[in-house]
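S.K.: Below is the structure I would like to discuss, written out as structure tokens.
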Amino acid sequence: MIKAILMDFNGVIIDDEPIQMRAYQSVLKEHGVDLTEEDYYDSLGMDDRTFVRAAFDRVAKTVSDEECSEIITSKTAAWRKEVDAKLPLFDGIDNFIEKMAHHYTLGIVSMANVSEIEYVLERADLKKYFSTIISSADVKKCKPDPESYDLGFRKIDAVRTSSGHLPMSREECVVIEDSPPGVVAAVKADLQALGVTNTVPAEKMREAGARATANDLRDWFPESLRLVFTTE
């Protein structure tokens with residue numbers, strides 16, 4: 001029986017992958033680093049620091065810790081400027097989160113920085129639905145390493161047990177992801193994954209290990225999630 005859902009953030013809750021890409025392209029160009037669309041989408045699942053270092057490595061350039069931090073700060077400012085103008089939530093995601101929260105314990109596992117996550121959730125009045133938020137600050141290794149989803153499962157299980165529930169098995173927790181590295185991370189953490197095709201095609205999500213795929217989360221209801229993911 002499914003008891004909890006761990007959701008990715010970028011590409012699942014907020015439709016900001018193109019915004020993140022444009023922000024990075026602008027900032028990195030100032031440092032002599034060109035970032036193509038292919039480069040960006042090949043780097044899905046990375047935290048900001050890993051992403052910046054990979055961009056510099058790609059063009060055989062080095063970047064100091066201080067310069068890396070400055071680039072990330074500038075990227076976040078550029079992202080925030082676009083998001084402030086119009087919060088790009090996926091259509092119906094607020095309704096999906098609310099209806100799932102009536103049946104399951106919800107958490108977020110993302111390689112985004114926590115300030116971006118909390119800003120969006122608070123502005124959209126969605127933070128109240130999530131008992132657990134794992135961000136890039138909480139782990140040492142980014143997706144596809146399973147560290148983030150392993151931690152997310154343990155945290156959300158602890159929230160449930162502290163409220164009087166019995167401990168969950170890993171089969172009772174479903175991950176919702178939009179990228180193959182995220183799906184791989186979930187599967188390596190022994191969690192089931194639903195791949196939503198907001199960013200890459202369903203075929204790539206299934207190849208990564210997603211048990212099922214969704215073109216639109218608005219088509220999914222608590223009972224359909226239970227029917228697809230509950231194992232005997």
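S.K.: Please pick out the residue among Val183, Val200, Val139 that is surrounded by 15 or more Cβ atoms within 10 Å (Cβ to Cβ), in contact with a Gly (Cβ under 6 Å, 6 or more places away or on another chain) and either more than 21 Å from Ala101 (Cβ to Cβ) or not assigned by TED's automatic domain parsing to the domain that holds Ser69 (or both).
M.R.: Val183
S.K.: It is to be established whether one or more residues within segment 75-89 are over 18 Å from Lys127 (Cβ atoms), among the β-branched types (Val, Ile, Thr) and buried (at least 17 other Cβ atoms within 10 Å of the Cβ).
M.R.: Yes: one or more hits.
S.K.: Considering each residue of segment 94-112, count those that are surrounded by fewer than 20 Cβ atoms within 10 Å (Cβ to Cβ) and part of a helix (DSSP H, G or I), and give that number.
M.R.: Counting residues in segment 94-112 that are surrounded by fewer than 20 Cβ atoms within 10 Å (Cβ to Cβ) and part of a helix (DSSP H, G or I) gives 5.
S.K.: Given the residues Thr213, Thr199, Thr231, which is the only one that is polar (S, T, N, Q) and not in a loop (DSSP other than H, G, I, E, B)?
M.R.: It is Thr213.
S.K.: Ok, one more. Is segment 169-178 home to any residue that is at pLDDT 95 or above, within 26 Å of Val228 (Cα to Cα), in a loop (DSSP other than H, G, I, E, B) and not assigned by TED's automatic domain parsing to the domain that holds Arg80?
M.R.: yes
S.K.: Quick check, is Asp145 in contact with a His (Cβ under 9 Å, 6 or more places away or on another chain), in the same structural domain as Gly11 (by TED's automatic domain parsing) and not basic (Lys, Arg)?
M.R.: The answer is no for Asp145.
S.K.: Part of a helix (DSSP H, G or I), small (Gly, Ala, Ser) and within 17 Å of the chain's Cα centre (by Cα): is that true of Ser131 in this structure?
M.R.: So Ser131 fails the test.
The values are calculated or read from the model by the stated rules, or taken from the named source; none is laboratory data. A quick note: this is a predicted structure, and the numbers were derived from the prediction, not measured. Heads up, the Cβs are rebuilt from the backbone with ideal geometry, glycines too, and the neighbour counts pull from every protein chain shown.
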